[in-house]
Amino acid sequence: MKNEDISIKMNSLKKLLKGDKRVIAQTISAVENDVSTMILETIFPHTGKAYHIGITGPPGAGKSTLVNVIAKKLLEKNNKIGIIAVDPTSPFSGGALLGDRIRMTDLALKDGVFIRSMASRGSLGGLARKTNDAALVLDAAGMDYILIETIGVGQVELDIAEVCDTTVVVLVPESGDSIQVMKAGLLEIADIVLVNKGDRDGSDRLLMEIKFAFELREQKIGWHFPILKTTATKEMGIAALVAEMKNHQAYLNKSGRLEQERRAKIMKRINELVEENIRSHLRERIIKKEEMERIVDKVYRRKLNPYNIASKIAKSIIKPRKHR
Ligand SMILES: Nc1nc2c(ncn2[C@@H]2O[C@H](COP(=O)(O)OP(=O)(O)O)[C@@H](O)[C@H]2O)c(=O)[nH]1
Ligand SMILES: [Mg+2]
């Protein structure tokens, strides 16, 4: 790399660390598009300070509305807030939900707030990763809180919950799928459960159902799993919600669990990266392209089977050296 490139990077690093919104946006895009880890390596020493809160639940539960009012509440205390909205992307539309953007526009204009919509662009697998990387950028940019909105439907939000220190699961009476949500394991990742749309019929009943389910569930030691009712559109119940988020944060800090969990996450991440590195080294180095093509040819012509050859290749790679 040329010297001049490095100086540009250093200059934008300074701006990033100061929370310059334009540079934050550019850096997230750069990280998304960059196959190398250079930017992440540069910013990493400046991360680790932000507190991550995940807001997850079925589509239409009011997650975006909640994120909006939670952010407003946190702003009252002059906190800096990063928001990542992981939007459902229809394979047909290819875009993030417009509604979320409109609703969050006012907020986005405020100082100390940065909002990013992540579109999945068809690849759900890469979404959790992209979200984590964007969160790292926001962390480096000095955000006190990073709010991550995801739809509770499958593996992705479970992966995303991995970055979150506090996970809020949002349910609504009309979804009528509380049982389904419990089955999907959403409640397992919940630190706080919300029944939103408290103005609708059935919200109290749902609240009771969830309380019952939680009684049955084995309690994690030391945390009381608040189950709260909110009406996000009327900003009702938000102060209590934010208070419980902070209680959870304090609990994690005091009990040492925050550090413990973050260390566990780091270990998991390193292992993932090691695997990834090994995989790409394998692809690039250990089996030469021509050799691989010969193998592919044989498998294509049914002279070899992929199961056997894969096992042989793996063994030849990990076989201990003779002299040992
Ligand atoms: N009645 C009622 N509607 C709400 C409430 N919270 C959100 N909504 C509405 O529910 C719809 C979906 O909200 P949104 O925040 O986009 O849900 P998301 O898909 O979970 O992000 C919107 O029309 C909101 O105005 C609430 O507490 N009560
Ligand atoms: Mg939304």
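The values are calculated or read from the model by the stated rules, or taken from the named source; none is laboratory data. Since the model is a prediction, treat every value here as computed from it, not as a measurement. Note that each Cβ is placed from the backbone with ideal geometry, even for glycine, and that neighbours are counted across all protein chains shown. Quick note on the areas: whole protein, heavy atoms, side chains included, nothing else; ligands and nucleic acids left out. Shrake-Rupley method; radii C 1.70, N 1.55, O 1.52, S 1.80 Å.
Only residues that are away from ligand 1 (no atom under 16 Å from the Cβ), within 24 Å of Asn196 (Cα to Cα) and surrounded by fewer than 16 Cβ atoms within 10 Å (Cβ to Cβ) were counted across region 28-68, and they come to 0. In region 301-316, the residues that are loosely packed, with under 11 Cβ neighbours inside 10 Å form Cβ pairs under 9 Å with partners that are not hydrophobic (A, V, I, L, M, F, W, C), at six or more places apart or across chains, as follows: Lys303/Asp297.
Go through region 30-71 and count every residue that is assigned to a helix (DSSP H, G or I) and within 16 Å of ligand 2 (Cβ to nearest atom). Steps first, answer last, please.
Of the residues in region 30-71, the ones assigned to a helix (DSSP H, G or I) are 30-33, 38-46, 63-71.
Subset that is within 16 Å of ligand 2 (Cβ to nearest atom): 63-71.
So the answer is 9.
In region 69-100, which residues are in contact with a helix residue (DSSP H, G or I) (Cβ under 6 Å, 6 or more places away or on another chain), open to solvent by 10 Å² or more (accessible area, probe 1.4 Å) and either at pLDDT below 80 or not β-branched (Val, Ile, Thr) (or both)? Within region 69-100, Lys73, Asp100 qualify.
Pick from Gln180, Gln155: which is modelled with pLDDT under 70, more than 14 Å from the chain's Cα centre (by Cα) and either assigned by TED's automatic domain parsing to the domain that holds Gly222 or crowded, with 22+ Cβ neighbours inside 10 Å (or both)? Can you show your working first?
Values: Gln155 fails: more than 14 Å from the chain's Cα centre (by Cα).
Only one candidate qualifies: Gln180.
If I go through region 38-85 residue by residue, how many of them are without any contact (Cβ under 8 Å) to a residue 12 or more places away in the chain and over 24 Å from Glu261 (Cα atoms)? Explain how you work it out, then say what you get.
Step one: of region 38-85, the residues without any contact (Cβ under 8 Å) to a residue 12 or more places away in the chain are 38, 41, 45, 76-77.
Subset that is over 24 Å from Glu261 (Cα atoms): 38, 76-77.
Result for region 38-85: 3.
Just a yes or no: is a residue in region 216-232 open to solvent by 60 Å² or more (accessible area, probe 1.4 Å) and within 16 Å of ligand 1 (Cβ to nearest atom)? Within region 216-232 (the criterion being open to solvent by 60 Å² or more (accessible area, probe 1.4 Å) and within 16 Å of ligand 1 (Cβ to nearest atom)), the answer is yes, since at least one residue qualifies. Checking every residue in region 269-284 against the condition of being open to solvent by less than 60 Å² (accessible area, probe 1.4 Å) and in contact (Cβ under 8 Å) with a residue 40 or more places away in the chain gives zero matches.
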